[in-house]
1. Specify which of the listed residues (Phe128, Phe171, Phe162) is surrounded by 15 or more Cβ atoms within 10 Å (Cβ to Cβ) and over 18 Å from Val47 (Cβ atoms).
2. Have a look at Cys91, Cys163 and point out the one that is in a helix (DSSP H, G or I), more than 30 Å from Leu21 (Cα to Cα) and of a type outside the set (Ser, Thr, Tyr).
3. Scan Asp138, Asp108, Asp143, Asp132 and give me the residue that is in a loop (DSSP other than H, G, I, E, B) and under 25 Å from Ala27 (Cα atoms).
4. Residues of the range 57-71 being modelled with pLDDT under 90 and assigned to a loop (DSSP other than H, G, I, E, B), which ones?
5. Taking Pro74, is it in a loop (DSSP other than H, G, I, E, B) and over 17 Å from the mean Cα position of the chain (by Cα)?
6. Which ones in the range 1-56 are under 21 Å from Pro173 (Cα atoms), over 15 Å from the mean Cα position of the chain (by Cα), basic (Lys, Arg) and assigned to a helix (DSSP H, G or I)?
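The values are calculated or read from the model by the stated rules, or taken from the named source; none is laboratory data. For clarity, every value in this text was computed on a predicted model and none was experimentally measured. A quick note on method: Cβ atoms are made from the backbone with ideal geometry, for glycine too, and the neighbour counts reach across all protein chains shown.
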Amino acid sequence: MNVREHYLILRNAIDERCDRLFQRFSASVNCRRGCSRCCTHLAVLPVEFDQLRRIPGISALGERNQRDNPNRCPFLKDNACAIYAERPLICRVFGLPQLWRIEEWGGDGRLLPQTSWESALDWCELNFTSYDPEDDRDSFKDDELIDMYALNQELLRLNTLFCSAPEGKLFDPHHRIPLGELL
């Protein structure tokens, strides 16, 4: 199995989890077609960039001229995602309760073991309006959260594999690529 296939397995697992969470929290989630508040111009790792550049006609789907709002995602058209089925992982999980681990460093400048890290809960401010991310962590079961550390670790692992494979050798594994470069 190649890296691209592993990426698609990860993406499908994320989609299944997100679908379940959107159903579970439908009364608390306001994410709908037409809401583009979170659709900013972001950058992705080479493994995701490679997946996106394989979309047929990708360069015609986006908007190069972003003078009105340069921070807007170039694939946002009429407040809808032109690449919705292929959108990056971060776009898939946005809006849902995300658990972020806060890395902690010792006085000697070394990263402390993960077991000592604190975590923070976050979501789109339009969602879960009756909850407070700082006070309501215990309101969510672990399987009702997107563990962003675990997701990012797996994405970084796949990115490292991709960048060391022949098709990824031209990419810098430590450099995120703006979506606008697909245009």
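1. Matching residue, one of Phe128, Phe171, Phe162: Phe128.
2. Among Cys91, Cys163, only Cys163 is in a helix (DSSP H, G or I), more than 30 Å from Leu21 (Cα to Cα) and of a type outside the set (Ser, Thr, Tyr).
3. On the way: Asp138 fails: in a loop (DSSP other than H, G, I, E, B); Asp108 fails: under 25 Å from Ala27 (Cα atoms); Asp143 fails: in a loop (DSSP other than H, G, I, E, B).
So the residue among Asp138, Asp108, Asp143, Asp132 that is in a loop (DSSP other than H, G, I, E, B) and under 25 Å from Ala27 (Cα atoms) is Asp132.
4. Within the range 57-71, Gly62, Glu63, Arg64, Asn65, Gln66, Arg67, Asp68, Asn69, Pro70, Asn71 meet the criteria.
5. Working: in a loop (DSSP other than H, G, I, E, B): yes; over 17 Å from the mean Cα position of the chain (by Cα): no.
No; evaluated as a whole, the condition is false for this residue.
6. Arg4, Arg53
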